[in-house]
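Working notes, structure below.
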């Protein structure tokens, strides 16, 4: 893949991860907190995908 495409994908995963962590925090403080775990796990998965993209981009 093109290096710029991999960089855009990595940035997208990081942004989505930050939004998921924010949603987990918001759910735990403002709401009932029933979706906090789901959002936190989704954020963690996004950061793992960003790390995979970083390693893939670093290899090229």
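The numbers here are math on the coordinates, done by the rules we state, and not lab data. All values derive from a computational prediction rather than experimental measurement. When we count neighbours, we look across all protein chains shown, and the Cβ atoms used for this are built from the backbone with ideal geometry, even at glycine.
Quick notes
- Average 1/r across all pairs of distinct alpha carbons in the chain, invert it, and you get the Kirkwood radius: 12.0 Å.
- Label-point gap, in nm, between residue 37 and residue 25 - each point 7 angstrom along Cα→Cβ: 2.2
- Label-point separation in nm, residue 51 to residue 7, each point 7 Å along Cα→Cβ: 2.3
- C-alpha long axis of helix 36-59 to longest principal axis of the chain, angle in °: 10
- Highest-first arrangement of 5-13, 29-37, where packing means the average Cβ count within 10 Å: 5-13, 29-37
- Angle of helix 3-29 to the longest C-alpha principal axis of the chain, folded into 0 to 90 degrees and rounded to 10: 10°.
- Estimated from helices alone, the mean residue ellipticity of the chain at 222 nm is -30000 deg cm²/dmol (sum of -39500 (n - 2.57) over DSSP H runs with n ≥ 4, per residue).
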